[in-house]
Amino acid sequence: MNILVTGGTGYIGSHTCVELINAGHDVVIFDNLSNSKESVLDRIEKIAGKRPKFYVADMRDLDSIRKVFSENSIDAVVHFAGLKAVGESVAKPVEYYKNNVGGTLNLLTAMTEFGVKKIVFSSSATVYGDPAIIPITEDCPLGTTTNPYGETKKMLERILTDFQKANPDNYVILLRYFNPIGAHESGLIGDEPNGIPNNLMPYILQVVVGKLPYLRVFGNDYDTPDGTGVRDYIHVVDLAKGHVAAMKKFSDEPGVYIYNLGTGIGYSVLDIVHAFEKANNINIPYQIVERRPGDIATNYSDPSKAFRELSWKTEFDLETMCKDSYRFAKNALSGQ
Ligand code: NAD
Ligand code: UFG
């Protein structure tokens, strides 16, 4: 298939482009480079042996999306483009709704105009809020989001579901990611957030390459085995492969399909710290500080639906996630 990947130079998008190419698909990327670099294309080409066609385009501009569809015969869209910083979304809600919601509405408009009927969307476990069931199944009721970023994901799931209802010959696949970490084993692509990272692994990486003095562990008084927050960390290459697997549904009946993409295993913040130290033989200085507002104690998936229906399950363990993250950090971050 010829696949349009929005946000394809970003962290998850770049790894997914590699796996799509490996699976024999052709890839067209559009990205406005607001949170990624054009040099990622060289790296995708180096890893996968094929260079995706690339457009610098902003999904807030409908005409630039139309141009991509008019110049390429697109069979399906994998839609990653979006802003994703939770704290920034609280400070800039209008920007987040305009970009994530407005941009996706433009994408759906262009898909309709050009008769493209298949979309895979990057959703998030954040839609479950403080989850009613652990491990979280796809049937778990959606929860209250605590920030505009999370709300854009919830709104977009609803918009895409309504869109499919109105266009019953369309396919909408909603993938709810848990916590992606790790990097491609080549060390060429990985997570490169701008500024001081919000997420745990990028923060740890900045500490171990000497850019930040120590990790702040946000609270050790949660109702978890060691008191620190528990999450479902998934290797980004497993996550990327989940997108290729999800596309199997495109040969099934049209409809809305929802899958959790996680490992089903919960690790605490201190589990991650210790696993990273052991895997890489390095010390991570840390201090326990106050809880971070909006955080929940425990969040991990039941990924069995994806296994049953897509034959997808994760392959990489925490040690590999930690080793691959560090390899990328040494390559990419230490020289900056
Ligand atoms: P990322 O920031 O690395 O990638 C997103 C890409 O979208 C970037 O390259 C950015 O330049 C591009 N982009 C942003 N706004 C755009 C616009 N208006 N037009 C065109 N391109 C635009 O983020 P990521 O971690 O790869 O996340 C990809 C998707 O997965 C996002 O939708 C994110 O919300 C979702 N997600 C991420 C996580 C996570 O922890 N990383 C978890 C759940 C869901
Ligand atoms: N944490 C720290 N110190 C840090 C950063 C994080 O202790 O410097 C802790 C957090 O308190 C939490 C855990 O590490 O217990 C994971 O935090 P992250 O910020 O890495 O991830 P979250 O689970 O809070 O959120 C992430 C994404 C969301 C997404 C969600 C899906 O940021 O966008 O995963 O589960 F919706």
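The values are calculated or read from the model by the stated rules, or taken from the named source; none is laboratory data. What you see is a predicted model, and the numbers here were worked out from it, not measured in a lab. Here the Cβ positions follow ideal geometry from the backbone for every residue, glycine too, while neighbour counts run over all protein chains shown.
Structure summary
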read-out: Single match in THR137, THR144, THR112, THR161 (criterion: in contact with a Lys or Arg (Cβ under 9 Å, 6 or more places away or on another chain) and polar (S, T, N, Q)); value: THR137
read-out: Output for the stretch 261-301, where each listed residue is out of contact with any helix residue (DSSP H, G or I) (no Cβ under 9 Å at 6 or more places or on another chain), part of a loop (DSSP other than H, G, I, E, B) and at pLDDT 95 or above; value: GLY266, ASN281, GLU290, ARG291, ALA297
read-out: Filter pass, VAL172 being within 23 Å of the chain's Cα centre (by Cα), surrounded by 22 or more Cβ atoms within 10 Å (Cβ to Cβ) and away from ligand 1 (no atom under 12 Å from the Cβ); value: yes
read-out: Count - residues of the stretch 18-40 that are within 25 Å of ALA85 (Cβ to Cβ), without any contact (Cβ under 8 Å) to a residue 60 or more places away in the chain and buried (at least 20 other Cβ atoms within 10 Å of the Cβ); value: 4
read-out: Complete set of residues in the stretch 177-199 that are part of a loop (DSSP other than H, G, I, E, B) and either over 15 Å from LYS330 (Cα atoms) or near ligand 1 (Cβ under 8 Å from one of its atoms) (or both); value: PHE178, ASP191, GLU192, PRO193, ASN194, GLY195, ILE196, PRO197, ASN198, ASN199
read-out: Tally of residues being within 15 Å of ligand 1 (Cβ to nearest atom) and under 17 Å from GLY266 (Cα atoms) across the stretch 200-233; value: 6
read-out: Members of the stretch 73-88 found to be farther than 20 Å from LEU175 by Cβ and in contact with an Asp or Glu (Cβ under 9 Å, 6 or more places away or on another chain), listed by number; value: GLU88
read-out: Number of the condition not met by ARG43 [criteria: (1) assigned to a loop (DSSP other than H, G, I, E, B); (2) touching a residue at least 60 places away in the same chain (Cβ under 8 Å)]; value: (1)
read-out: TYR326 touching a strand residue (DSSP E or B) at 6+ places or on another chain (Cβ under 6 Å) and either within 25 Å of THR126 (Cα to Cα) or at pLDDT 95 or above (or both); value: no
read-out: Filtered residues of the stretch 224-242 (kept if in a helix (DSSP H, G or I) and in contact with a strand residue (DSSP E or B) (Cβ under 6 Å, 6 or more places away or on another chain)); value: VAL236, LEU239, GLY242
read-out: When residues of the stretch 243-260 are limited to those that are touching a residue at least 12 places away in the same chain (Cβ under 8 Å) and assigned to a helix (DSSP H, G or I), the one nearest to the chain's Cα centre (by Cα); value: HIS243
read-out: Qualifying helices (runs of 4 or more DSSP H) (wholly inside the stretch 74-153; at least 2 residues being within 30 Å of MET1 (Cβ to Cβ) and within 14 Å of ligand 1 (Cβ to nearest atom)); value: 103-113
read-out: Residue list for the stretch 46-73, filter: in contact with a helix residue (DSSP H, G or I) (Cβ under 6 Å, 6 or more places away or on another chain), within 14 Å of ligand 1 (Cβ to nearest atom), over 17 Å from ASN35 (Cβ atoms) and among the aliphatic types (A, V, I, L, M); value: LEU62, ILE65
read-out: Inter-residue pairs, beta-carbon under 7 Å, first under 22 Å from ALA329 (Cβ atoms) and within 7 Å of ligand 2 (Cβ to nearest atom) and in the stretch 207-228, second in a loop (DSSP other than H, G, I, E, B) and β-branched (Val, Ile, Thr), 6+ apart; value: LEU215/ILE284; VAL217/THR228
read-out: Qualifying residue in the stretch 135-146 (condition: over 20 Å from GLY262 (Cα atoms), crowded, with 16+ Cβ neighbours inside 10 Å and not aromatic (Phe, Trp, Tyr)); value: yes
